[in-house]
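Structure, as structure tokens:
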Amino acid sequence: MSGVGDHSQASQPQAFQADVAKLLHLMVHSVYSDRDVFLRELLSNAADACEKLRYEALKDPALAPDPFVIRISIDKDAQSLAIEDNGIGMSHDDLNTHLGTIARSGTKAFLDQIGSGAGNGAEAREKLDLIGQFGIGFYSAFMVADRVDVFSRRAGSDEAFHWSSDGKGTFSIVPAAQDEAPVRGTRVVLHLNEASKDYLEAGRIERVVREHSSALTVPIELVEKPGDEPRRISEGAALWTKPKASISEQDYNEFYQTLGMMFDEPALTLHWHVEGRQEYTVLAFVPGSPPFDLSDPSRAGRAKLYVRHVLITDSAEVLPRWLRFIRLVVDSADLPLNVSREMIQESPVFAAIKKAVTNRVLQELVKLSENDKEKFAKVWEHFGAVLKEGLYEDPERRDALFDLARFATSTSPEGGRTLKEYIAGLQPNQTAIYYLLGEDLARLAASPQLEGFSARGIEVLLLPDHVDAFWTTTAVGFDGKPFKSVTQGATDIKSFPVKEENAGEEAGADEPPAASLATLYALMKQVLGESVEDVRASDRLSSSPACLVASERGPDRRLERMLAASGRLGAATKPVLEINPTHPLIRALASQIDAPDKEKFEDIIWLLFDEARVMEGERPAEAFAARLTRVLLGAVGPTAL
Ligand code: ADP
Ligand code: MG
């Protein structure tokens, strides 16, 4: 970056990046009702700019103005609204990239969501309502303005630039006259459109600031008309530094909303101060609903790390990834300020803070689970799948996480069961905790694999989340009882008596003679060939004719499918087809086994196998449809016409 002359070309209008153009089109033709967000976004940028300069000034104190302030100025004659800060400012290059492209992951996610076909219908309106949740940043200015002028001077530079656009596809950047630009920082001037003149009323501005921006860490002033004295409308003190007793729930909620794009209310607010070996303050929130980036593959934590009120980074890894849904601020008094962001996060002090904060958060979650079951149920519903990642990523905290974990089970499909409750309900002599992995709860609850367990009153954990396949293989057990998949290996449940009330459904019915069954199984094996490892009688079925299980040696079938899908497993192992010998269909087949209708038997055997596969959420064989149609035709009989 050098002299002004280098930028002569830039005075030509430049096209916005394609994504920006698309976003701007949405803004300008917005049917989105909550236009107030523009002010929230611009004030948040202004406060960010001040925080950044506060950080840079650590190295070069001469850079920092005294004090930091954001000023909103109303000019009724010019029909304009200006938002000015004395923060870091933008160079020519900064203006070009930051206000010409989209870097925000939230905005990208928003554009992905609305897809290409954001028309004008009700659906488009609904999608646009999402804008608020993703945060559209600077470009939201075009919801209320026909033209936006940005005057900016990068801290430490003499040069100032003027960015300008009507939001219709192009922008221009020209050098700004010295008296046009702020001495330090950025002034955003909005030339309000016809529908947005209400933002020229001071009362309106004050209300929006109070609602959306009162928790920013920089004070905000209002100039009601040119020449007026600025009036402070928001004090800009860091909330977490105030005594707890002086902070209202509303203060906390407002702060939570400014902290990373949350627009609901927190499910849990934690605010504590530690003195002793380390001194620091933490303000943490468990969100009331899942943030849009919860499943972001980078799974990064989003803690704001301050050192003596100076923002060091807003993406510090204070909490482990399985607590990434928690929004928090940590303000340390002891971390070194004069070293890089990276080095700060590698210091032993930071490591100690991390550990203590994680323990405390976990402890508070356990407390919530004990004291407010309903509230905790919501937290678990939203974040349980993330918390369970800790079961295999953080063995040290596994026991605490097992205390938190809530499960749907075969006897409580509505969920909310703890492992302690499960253990309390063990059948006499039951030595394992049984579980069933699957894709969704409804399908799991209806799985034939559960029949024999249910008949014996044995509870089975229903595990529908992706992470379940992993922690169940690494966790040794709970309370001395190992975890055991009901779909893996032979069951050992024959020794448990069938409950009386279920006796009718279960093995009470006669089994066919052993010899016929043996011949039937042999035929099945021959027909299915390489598709199965074995065919055998099952203990676990009572009302279904057949099911698939993994062989003793292989992994659970769900885990295997997941590994195969991610290419981490070569060929999948073959399943065992288990047969319910008391089922009417099996008994009928066994009774005809001495003189079987070869073709019909073959179709039926394959269909049995396919039925079992479908119940597992797998695909049936290619010939499935043809076979099914043949068998149906046989069942319906010859046509009477
Ligand atoms: P975000 O704030 O999430 O990064 P925005 O669209 O709000 O996204 O802003 C884009 C970028 O423009 C910011 O990251 C920042 O680099 C720059 N920017 C915007 N407003 C200002 C400002 N008042 N001072 C300095 N830089 C700014
Ligand atoms: Mg922003």
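Would you say Val631 is surrounded by fewer than 17 Cβ atoms within 10 Å (Cβ to Cβ), touching a helix residue (DSSP H, G or I) at 6+ places or on another chain (Cβ under 6 Å) and of a type in the set (A, V, I, L, M, F, W, C)? Spelling it out, Val631 is indeed surrounded by fewer than 17 Cβ atoms within 10 Å (Cβ to Cβ), touching a helix residue (DSSP H, G or I) at 6+ places or on another chain (Cβ under 6 Å) and of a type in the set (A, V, I, L, M, F, W, C). The residues in segment 279-301 that are open to solvent by 20 Å² or more (accessible area, probe 1.4 Å), of a type outside the set (Ser, Thr, Tyr) and modelled with pLDDT under 90 can be counted, and the count is 8. Across segment 37-55, the number of residues qualifying as surrounded by fewer than 20 Cβ atoms within 10 Å (Cβ to Cβ) and away from ligand 1 (no atom under 12 Å from the Cβ) comes to 1. Can you spot a residue in segment 563-574 that is farther than 20 Å from Val614 by Cβ, in a loop (DSSP other than H, G, I, E, B) and aliphatic (A, V, I, L, M)? Yes, there is a match, as at least one residue in segment 563-574 is farther than 20 Å from Val614 by Cβ, in a loop (DSSP other than H, G, I, E, B) and aliphatic (A, V, I, L, M). Only one of the numbered conditions (1) loosely packed, with under 15 Cβ neighbours inside 10 Å; (2) modelled with pLDDT under 90 is not met by Asp399, and that is (2). Of the strands (runs of 3 or more DSSP E) contained entirely in segment 139-217, those carrying at least 2 residues that are more than 29 Å from Asp60 (Cα to Cα) and over 36 Å from the mean Cα position of the chain (by Cα) fall at 145-153, 185-192. Remark: pairs (first residue in segment 149-173, within 16 Å of ligand 2 (Cβ to nearest atom); second residue assigned to a loop (DSSP other than H, G, I, E, B); Cβ separation under 7 Å; 6+ apart in sequence or on different chains) = Val150/Leu99; Ser152/Gly89; Ser152/Met90; Ser152/Ala160; Ser152/Ala181; Trp163/Leu99. For Ala160, state whether it is among the aliphatic types (A, V, I, L, M) and modelled with pLDDT of 95 or more. The answer is yes for Ala160. The single condition from (1) surrounded by fewer than 18 Cβ atoms within 10 Å (Cβ to Cβ); (2) among the hydroxyl-bearing types (Ser, Thr, Tyr); (3) in contact with a Leu (Cβ under 6 Å, 6 or more places away or on another chain) that Ser412 fails is (3). Those strands (runs of 3 or more DSSP E) of segment 457-556 in which at least 1 residues are open to solvent by 60 Å² or more (accessible area, probe 1.4 Å), considering only elements entirely within it, cover 483-485. Considering Phe376, Phe383, the condition of being in contact with a strand residue (DSSP E or B) (Cβ under 8 Å, 6 or more places away or on another chain), open to solvent by less than 80 Å² (accessible area, probe 1.4 Å) and assigned to a helix (DSSP H, G or I) is satisfied by Phe383 alone. The set of residues in segment 262-291 being among the aromatic types (Phe, Trp, Tyr) and not in a strand (DSSP E or B) consists of Phe263 alone. Checked against the criterion of being open to solvent by less than 40 Å² (accessible area, probe 1.4 Å) and away from ligand 1 (no atom under 15 Å from the Cβ), the candidates Ile74, Ile83, Ile70 yield just one match: Ile74.
The values are calculated or read from the model by the stated rules, or taken from the named source; none is laboratory data. Since we're looking at a predicted model, the values are computed, not measured. Reconstructed Cβ throughout: ideal geometry from the backbone, glycine too, with neighbour counts over all protein chains shown. The accessibility values were calculated without ligands, DNA or RNA, using every heavy atom of the protein model including side chains. Shrake-Rupley method; radii C 1.70, N 1.55, O 1.52, S 1.80 Å.
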